[in-house]
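Read-outs throughout are calculated quantities, based only on the coordinates presented, and are distinct from any laboratory measurement. Source: prediction; values computed, not measured. Reconstructed Cβ throughout: ideal geometry from the backbone, glycine too, with neighbour counts over all protein chains shown.
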Amino acid sequence: MITIERLTKRYDDDVVVDDVSLEIAEGAIVAVVGASGSGKTTLLRMINRMVEPTSGRVLIAGEDTRATAPHLLRRSIGYAIQGHGLFPHRTIAENVATTPKLLGWDKARIEARVDELLSLFGLEPAIYGPRRPHQLSGGQQQRVGVARALAAFPRVLLMDEPFGALDPIVRAKAQADLRAIQRKLGVTVVLVTHDMDEATSLADRIAIMERGRLVQEATPVEVLTHPATQFAADMFGADERPFRLLSLKSVADLTQPGEAGGEPIAADADRREALAALLWSGRAAAPVTGAGGERLGIVTLARLVEAAAAKAR
Amino acid sequence: MKAAAWTLRLLTLALLAVYLIRPETFAAALAPLAPAGAPAVYTQSSVLELAAIHVAIAAVATVLATAAALALAVFATRPAGSAFLPLFRSVANAGQTFPPVAVLAIAVPSVGFGEAPTLIALTLYGVLPVFENALSGIEGVSPAVLDAARGAGLSPRQELLEVELPLALPAILSGVRLSAVIALSTATIGSTVAARTLGEVVIAGLATNNLAYIVQGAAAIAALTVLISDALGALERWAARRAGRG
Ligand SMILES: Nc1ncnc2c1ncn2[C@@H]1O[C@H](COP(=O)(O)OP(=O)(O)OP(=O)(O)O)[C@@H](O)[C@H]1O
Ligand SMILES: [Mg+2]
């Protein structure tokens with residue numbers, strides 16, 4: 001869907017993005033991670049030409065982005081940033097309607113789309129639509145920022161630390177919303193983040209930037225178990241790695257026949273949650289239940305511990 | 001508090017209106033200030049007409065100054081014009097350091113006596129406040145908002161007209177108000193080069209040592225200026241609310 005070919009950005013003698021090539025599949029979520037100043041934002045902004053590359057090119061659905069005027073190109077690419085950038089002089093509904101209006105949609109269609117998106121993000125259109133941005137909480141503003149970016153059915157959604165300023169609970173909710181909405185709309189997402197949990201839980205693939213270069217691009221499991229560089233290994237934290245690994249899969253395929261007592265664990269719960277539940281209640285095994293509450297078997301502490309080891313794969 | 005302010009406004013407006021339409025009404029009140037035997041109320045020309053010209057000159061000067069200042073500020077904040085910003089700043093500042101009388105004196109030989117030199121002086125004076133305010137208004141738009149505007153697909157022109165200028169409007173209006181106040185008060189001295197403004201009443205008073213003339217002229221100019229500044233202030237607050245601050 002997005003092909004990044006030998007993309008380089010230089011400011012004077014500073015090579016900020018250095019010969020990056022990357023292929024992003026349609027409908028995938030790619031997280032771009034790396035230290036501060038490693039060139040993540042610059043890479044992202046070269047995709048919608050907010051920054052013009054020094055050399056290299058970007059293709060979206062096979063078409064060179066330079067074939068379209070920048071402002072027209074951007075109408076087909078969603079863009080959501082930290083600090084949302086909502087227009088303070090426009091209502092929430094008008095903010096969300098920005099790109100559809102630029103594209104000349106008729107009023108009824110814009111209105112329907114705005115209502116649809118606000119509802120999708122849990123904001124009652126009749127209540128929040130007529131409000132101004134300053135009348136919303138930070139979390140709500142952030143959601144409106146993402147809704148605005150999605151309004152015109154973009155093929156691609158670029159996000160630069162969109163949830164960075166949110167508290168952990170609101171952030172988790174926003175991430176879950178994004179995942180659900182992305183699955184529903186099938187949009188391709190490139191997400192810059194400093195939050196490794198966000199990267200591993202949300203993304204299909206993780207791209208690691210180090211001093212302007214792309215040092216690894218792989219699935220979360222791969223970057224966790226086989227980091228390409230020392231930096232990539234450090235980034236996920238040696239003390240956190242096994243737990244992150246566990247959080248990537250559900251307990252469903254660790255379930256085995258047997259009997260155990262106590263509070264059951266849902267089959268679609270992730271393994272990290274299951275481990276935590278067992279450790280906390282001091283049990284060696286717990287019953288596993290399906291979506292309808294039916295007993296599927298048990299999951300044992302031993303199997304979970306085994307699954308946390310990188311060697312196991 | 002609000003009621004008191006409104007009472008004061010309406011009272012000022014009423015007194016001004018009465019003076020401009022029937023100045024004789026104040027003859028008895030002003031008589032103690034006039035020299036013995038001299039008239040207490042200025043009647044050589046219609047004060048209503050003088051006030052109209054006074055306001056018209058100030059309004060035209062403010063509009064011209066605003067247009068010029070906005071053009072300069074917009075140009076100086078575009079990528080192509082940013083190099084000119086320091087130049088515009090110093091020129092506008094230099095303009096402000098000339099005393100208005102000097103501008104009048106320089107303008108008279110080239111455009112003659114009357115309203116024209118006054119208009120030139122007032123326009124030059126009005127540019128700086130609007131320019132500085134427009135600049136800070138445009139530069140004060142949050143970078144995240146501009147980034148989002150660009151990211152959403154606004155063209156540079158749409159970005160200016162739909163985001164930057166609406167958000168800078170309260171600041172711009174505050175500059176316009178400042179310019180208008182300067183123009184209204186400075187139009188007074190236009191009378192020294194034969195512009196027909198309310199300054200004529202004050203100058204007649206100075207020339208004939210008639211304190212009554214000086215007081216009525218000065219009071220009329222002050223009332224006019226306060227009322228207009230007040231109205232522009234209300235406009236400014238309305239714009240600030242619309243820009244989403246409040
Ligand atoms: N317009 C610019 N002119 C000069 N240097 C720039 C410019 N924009 C970015 N840089 C430099 O490029 C480097 C990469 O910046 P970038 O914003 O892409 O980093 P980042 O990975 O997004 O960092 P962070 O995680 O802190 O957001 C930095 O060293 C920055 O100083
Ligand atoms: Mg960044």
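Which longest uninterrupted range of chain A lacks any GluC sites (Glu not before Pro) assigned by DSSP to a loop state (not H, G, I, E or B) and surrounded by at most 15 other Cβ atoms within 10 Å?
A:27-239
Over the stretch A:88-153, what is the relative contact order in whole percent, taking alpha-carbon pairs under 8 Å and six or more residues apart?
52 percent
Report, as an integer, the average count of C-beta atoms from other chains found within 10 Å of each Cβ along A:86-92.
That works out to 6 on average.
Give a quick list of GluC sites (Glu not before Pro) in the stretch B:26-134 that DSSP marks as loop, anything other than H, G, I, E or B, with at most 14 other Cβ atoms within 10 Å.
Sparse-neighbourhood loop GluC sites (Glu not before Pro): none present.
Can you say what percent of the DSSP beta bridges in the protein assembly as shown, counting only those with both residues inside, are antiparallel? Round to 5.
55 percent
So what is the relative contact order for chain A, in percent, with contacts set as C-alpha pairs under 8 Å and at least six apart?
18 percent
How far is helix A:138-150 tilted off the main Cα axis of chain A, in degrees rounded to 10, range 0 to 90?
Between the helix axis and the principal axis of chain A, the angle is about 60 degrees.
If you take every residue apart from B:GLU159 with its C-beta less than 12 Å away from the C-beta of B:GLU159, what net charge results, scoring Lys and Arg +1 and Asp and Glu -1?
Within the 12 Å Cβ shell, the charges total +1.
Tell me, what HN-Hα J-couplings in whole Hz come from the Karplus equation 6.51 cos²θ - 1.76 cosθ + 1.60 at θ = phi - 60° for each residue of the stretch B:40-54, using x for Gly and Pro?
Those phi angles translate into 8, 10, 6, 10, 4, 9, 5, 5, 5, 5, 4, 5, 4, 5, 3 Hz.
No solvent, one uniform scatterer per C-alpha: report log10 I(q)/I(0) for the stretch A:244-312 via the Debye equation at q = 0.26 1/Å, two decimals.
-1.17
Cα extents of chain A along the three principal axes, largest first, in whole Å?
63, 52, 32
What percent of all Cα-Cα pairs in the stretch B:133-246 falls in each 10 Å bin, counting up from 0?
Bins of 10 Å from zero give 14, 30, 21, 16, 12, 6, 1 percent of pairs.
Taking every DSSP beta bridge with both residues inside chain A, roughly what % is antiparallel (nearest 5)?
Counting only bridges with both partners in chain A, antiparallel ones make up about 55 percent.
Scan around A:ALA266 for amide H atoms under 5 Å from its own, H built in the peptide plane at 1.01 Å from N, and keep only partners 5 or more places away or cross-chain.
A:THR289
Tell me which aspartates and glutamates have Cα within less than 17 Å of A:LYS101's Cα, excluding those fewer than 8 residues away on the same chain?
A:GLU111, A:ASP115, A:GLU116, B:GLU159, B:GLU162
Show me, bin by bin at 10 Å from 0, the whole-percent P(r) of the stretch A:87-172 based on Cα pairs.
Taking every Cα pair in the stretch A:87-172, the percentages come to 18, 52, 28, 3.
If one takes the longest principal axis of the Cα atoms in chain A, at what angle in degrees, from 0 to 90 and to the nearest 10, does the Cα axis of helix A:271-281 lie?
50 degrees
What list of ³J(HN,Hα) values in whole Hz, one per residue of the stretch B:123-129 in order, does the Karplus curve 6.51 cos²θ - 1.76 cosθ + 1.60 (θ = phi - 60°) give from phi, with Gly and Pro shown as x?
5, 4, 5, x, 5, 4, x
Per-residue ellipticity at 222 nm for chain A, helices alone: DSSP H runs ≥ 4 residues times -39500 (n - 2.57), over residue total, nearest 500 deg cm²/dmol?
-10000 deg cm²/dmol
Which shape class applies to the stretch B:10-245: rounded if a/c is under 1.5, otherwise prolate when a/b exceeds b/c and oblate if not, where a ≥ b ≥ c are the square roots of the Cα gyration tensor eigenvalues?
In terms of gyration-tensor shape, prolate.
According to the Kirkwood expression over distinct Cα-Cα pairs, how big is the hydrodynamic radius of the stretch B:20-157, in Å?
The answer is 18.7 Å.
Can you list the lysines whose alpha carbon is less than 27 Å from that of A:LYS107, not counting same-chain residues fewer than 8 positions off?
Answer for A:LYS107, where 27 Å is the Cα cut-off: A:LYS184, listed by chain and number.
What whole-number distance in Å separates the alpha-carbon centres of the stretch B:58-134 and the stretch A:37-82?
Spelled out, the Cα-based centre of one part sits 42 Å from the other.
Taking +1 at the Cβ of each Lys and Arg and -1 at the Cβ of each Asp and Glu, which of A:GLY293, A:VAL305, A:ALA266 sits farthest along the dipole of the stretch A:244-312 towards its positive end, judged by Cα position relative to the Cα centre?
Of the options given, the answer is A:VAL305.
Round to the nearest 10 and give me the degree value, 0 to 90, for the angle of helix A:168-185's Cα axis relative to the longest principal axis of chain A.
Compared with the principal axis, the helix lies near 70 degrees.
Between rounded, prolate and oblate, where does the stretch A:1-133 land on the alpha carbon gyration tensor, with a ≥ b ≥ c its root eigenvalues, rounded for a/c under 1.5, else prolate if a/b exceeds b/c?
Because a/c hits 1.5 or more and a/b exceeds b/c, the stretch A:1-133 counts as prolate.
Within a 10 angstrom radius of each residue's Cβ in A:165-176, how many Cβ atoms of other chains show up on average? Whole number is fine.
Across A:165-176, the average partner-chain Cβ count within 10 Å equals 0.
A:LYS40: which lysines have alpha carbons under 21 Å from its alpha carbon, excluding same-chain residues fewer than 8 sequence positions away?
A:LYS9
Using all C-alpha to C-alpha distances in the protein assembly as shown, build P(r) with 20 Å bins and read off the rounded percent in each one.
With 20 Å bins starting at 0, P(r) equals 17, 35, 25, 15, 7, 1, 0.
Counting each DSSP H run of 4 or more residues in chain B as -39500 (n - 2.57), what helix-only mean residue ellipticity at 222 nm follows after dividing by all residues, to the nearest 500 deg cm²/dmol?
-24500 deg cm²/dmol
Among A:SER38, A:SER119, which comes first, then next, by fewest other beta-carbon atoms within 10 Å?
A:SER119, A:SER38
How large is ³J(HN,Hα), in whole Hz, for each residue of the stretch B:213-224 in order, when computed from phi with the Karplus curve 6.51 cos²θ - 1.76 cosθ + 1.60 and θ = phi - 60°, using x for Gly and Pro?
Values per residue, Gly and Pro as x: 4, 4, 5, 5, x, 5, 5, 5, 5, 4, 4, 4 Hz.
Just need the relative contact order of chain B here, percent rounded to a whole number, with Cα pairs under 8 Å and 6+ apart.
Value for chain B: 25 percent.
Between the stretch A:250-305 and the stretch B:195-219, what's the alpha-carbon centroid distance in Å?
A separation of 96 Å, based on Cα centres.
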